[in-house]
1. Looking at segment 5-22, can you tell me whether even one residue there is small (Gly, Ala, Ser), modelled with pLDDT of 85 or more and surrounded by 10 or more Cβ atoms within 10 Å (Cβ to Cβ)?
2. Scan segment 126-148 residue by residue and report those that are aliphatic (A, V, I, L, M) and more than 17 Å from residue 95 (Cα to Cα).
3. Quick one: is residue 130 surrounded by fewer than 18 Cβ atoms within 10 Å (Cβ to Cβ), out of contact with any strand residue (DSSP E or B) (no Cβ under 6 Å at 6 or more places or on another chain) and β-branched (Val, Ile, Thr)?
4. When the residues of segment 107-125 are filtered to those that are under 13 Å from residue 91 (Cα atoms) and of a type outside the set (Val, Ile, Thr), which remaining residue is modelled with the lowest pLDDT?
5. Starting from segment 124-142, keep only residues that are under 19 Å from residue 31 (Cα atoms), then list their pairs with residues that are hydroxyl-bearing (Ser, Thr, Tyr) and at pLDDT 90 or above whose Cβ atoms are within a distance under 8 Å, requiring at least 6 positions of separation or different chains.
6. Check whether at least one residue in segment 137-149 is hydrophobic (A, V, I, L, M, F, W, C), modelled with pLDDT of 90 or more and not assigned by TED's automatic domain parsing to the domain that holds residue 29, and report yes or no.
7. How many residues does segment 113-123 contain that are part of a helix (DSSP H, G or I) and either crowded, with 18+ Cβ neighbours inside 10 Å or under 24 Å from the mean Cα position of the chain (by Cα) (or both)?
8. Suppose the filter is of a type in the set (S, T, N, Q), at pLDDT below 90 and assigned to a loop (DSSP other than H, G, I, E, B); does residue 70 pass it?
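The values are calculated or read from the model by the stated rules, or taken from the named source; none is laboratory data. Note that this is a predicted model, so its numbers are computed, not measured. With ideal geometry, Cβ positions are generated from the backbone for all residues, glycine too; neighbour counts draw on all protein chains shown.
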Amino acid sequence: MALKGETILILLMIVLAIGVILSSIHWPLKASLFPLVVSLMITLVAIIELSFSLFGKERKDEITIDFKLSENVDKILEKKRTFLIFSWIIIFFFLIKLFGFHIAIPIFFILFWRLNGKEGWKISIVLAAISWLCFYGLFIWLLNIPFMEG
């Protein structure tokens with residue numbers, strides 16, 4: 001039985017994920033939780049995929065469908081959209097540096113929804129509040145991760 005490239009890649013993923021698991025079990029719980037969870041999930045999914053690759057039926061008549069982005073978008077519009085999204089990322093970065101995460105998140109979302117999304121004040125403020133509550137609830141309250149203040 002010859003190994004396909006797909007099978008070799010899956011085996012490498014399993015070895016890498018197990019390596020991460022073995023190295024992170026010696027870390028403190030807070031530091032090792034994320035790599036352990038991600039690596040365990042990768043290992044589980046890779047083992048399932050390996051079993052499909054090794055023991056699954058190979059279909060010769062299978063049609064492969066490839067995901068394609070829009071091909072009929074004007075190049076100028078495409079460049080404008082790319083520049084715009086990178087600009088928003090840079091704005092978010094500078095807001096974090098200036099004000100810290102706690103203040104940058106609601107400011108960014110209000111600016112983004114008002115200027116880019118052309119939403120009203122009410123929906124912008126509600127979405128910014130929901131985003132901030134999700135950030136605070138997950139990272140500050142639940143995981144107790146300190147973030148820089150700006």
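1. yes
2. Answer for segment 126-148, where residues must be aliphatic (A, V, I, L, M) and more than 17 Å from residue 95 (Cα to Cα): 126, 127, 130, 133, 138, 140, 142, 143, 145.
3. Taking the combined requirement at face value, the residue satisfies it.
4. Among those residues, the one meeting the criterion is 116.
5. Cβ pairs passing all conditions: none.
6. no
7. The number of residues fulfilling the criteria is 2.
8. Judged against the criteria, residue 70 is a match.
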